[in-house]
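Contents: one structure, followed by commentary.
The values are calculated or read from the model by the stated rules, or taken from the named source; none is laboratory data. This is a predicted model, so every value here is computed, not measured. Ideal geometry is used to build each Cβ from the backbone, glycine not excepted, and the neighbour counts take in all protein chains shown.
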Amino acid sequence: MAVRKKSEAIDKRARCIEVMERLRSIYPKARCTLNYKNPLELLVATILAAQCTDERVNQVTPALFQKYKTPEDYVAVDVTELEEDIRSCGFYRNKARCIQRACKAILERFGGQVPGDMDSLVSLDGVGRKTANVLLNECFGVPGIIVDTHCARLARRLGFTKEEDPVKIEEDLMKLWPREHWGTYSHTLVFHGRSVCLARSPKCQECVVKDMCPFPDKPSQTRKNPKTK
Ligand code: SF4
């Protein structure tokens, strides 16, 4: 019984890696699409990116990063001024407070530097495991799996997990993905989720892994699109 379970786990892992490598060949440039030059800029950009597109954040950050260069700069202004500076990213009141509280903690507890470990990062306001893993991958060379809405949806559709909770999804993916690919594979799923495996109507007929995907609601080739005349 134990031997069978072990062999099933190996099969699942091999299948998963084949799926991921096929996808990776389609998106060889999959990467973090937020623009930044240092850990503080990426921290702020990831907080702004909650419930907002990376494109919108990238429109706002050039002026923002020109004005605010250090944690002190973010803490020194009145919060209403910061709110106005980030308004177009949505949820601006909450995000402005998160940025200020995170910067205050960076000054008080981390000597003014964005910390480079998971426990310290998630102790900052507005920083969950997803944001922390973005920072660890991008700025500190530590592999991390970034479970955003696309990654979670695709991981479920592709049969890598049955979980809904991002932390549990991350744990399942950790068992399947080679550690050195955690960051790249996460971005690959995001790219595929944005262009082919869309939330409402996945374009399964265009998908390079359709023969390996167990998603039961794949539209069939013959199904008529009601909007098609
Ligand atoms: S076959 Fe469809 S559901 Fe499966 S990964 Fe491709 S687009 Fe997504």
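Here is how the numbers come out for the structure above:
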| quantity | calculated |
| --- | --- |
| Selection within the stretch 192-209 - in a loop (DSSP other than H, G, I, E, B), touching a Leu at 6+ places or on another chain (Cβ under 8 Å) and either near the ligand (Cβ under 7 Å from one of its atoms) or closer than 14 Å to Arg153 by Cα (or both) | Cys197, Val209 |
| Test: residue in the stretch 16-26 that is among the hydrophobic types (A, V, I, L, M, F, W, C), over 15 Å from Ser186 (Cβ atoms), assigned by TED's automatic domain parsing to the domain that holds Glu206 and at pLDDT 95 or above | yes |
| Failed item, numbered, when Asn137 is tested on (1) closer than 20 Å to Ile26 by Cβ; (2) more than 12 Å from the ligand (Cβ to nearest atom); (3) crowded, with 19+ Cβ neighbours inside 10 Å; (4) not aliphatic (A, V, I, L, M) | (1) |
| Subset of the stretch 167-208 that is free of Cβ contacts under 8 Å to residues at least 40 places away in the same chain and in contact with a Lys or Arg (Cβ under 6 Å, 6 or more places away or on another chain) - its residue that is farthest from Ile26 (Cα to Cα) | Cys204 |
| Residues (buried (at least 18 other Cβ atoms within 10 Å of the Cβ) and free of Cβ contacts under 8 Å to residues at least 24 places away in the same chain) located in the stretch 140-157 | Ala152 |
| Residue list for the stretch 146-199, restricted to those being among the polar types (S, T, N, Q) and within 12 Å of the chain's Cα centre (by Cα) | Thr149, Thr184, Ser186, Thr188 |
| Options Arg4, Arg56, Arg87, Arg13; residue that is at pLDDT below 95, over 22 Å from Cys213 (Cα atoms) and in a helix (DSSP H, G or I) | Arg4 |
| Filter result for the condition that a residue is among the aliphatic types (A, V, I, L, M), exposed (fewer than 15 other Cβ atoms within 10 Å of the Cβ) and out of contact with any strand residue (DSSP E or B) (no Cβ under 8 Å at 6 or more places or on another chain), over Ala105, Ala50, Ala63, Ala96 | Ala63 |
| Conditions (1) more than 15 Å from the ligand (Cβ to nearest atom); (2) in contact with a helix residue (DSSP H, G or I) (Cβ under 8 Å, 6 or more places away or on another chain); number of the one not met by Arg153 | (1) |
| Conditions (1) free of Cβ contacts under 8 Å to residues at least 40 places away in the same chain; (2) assigned to a helix (DSSP H, G or I); (3) of a type outside the set (Ser, Thr, Tyr): number failed by Lys95 | (1) |
| Selection count, the stretch 4-31, where residues are in contact with a Phe, Trp or Tyr (Cβ under 7 Å, 6 or more places away or on another chain) and of a type in the set (Gly, Ala, Ser) | 1 |
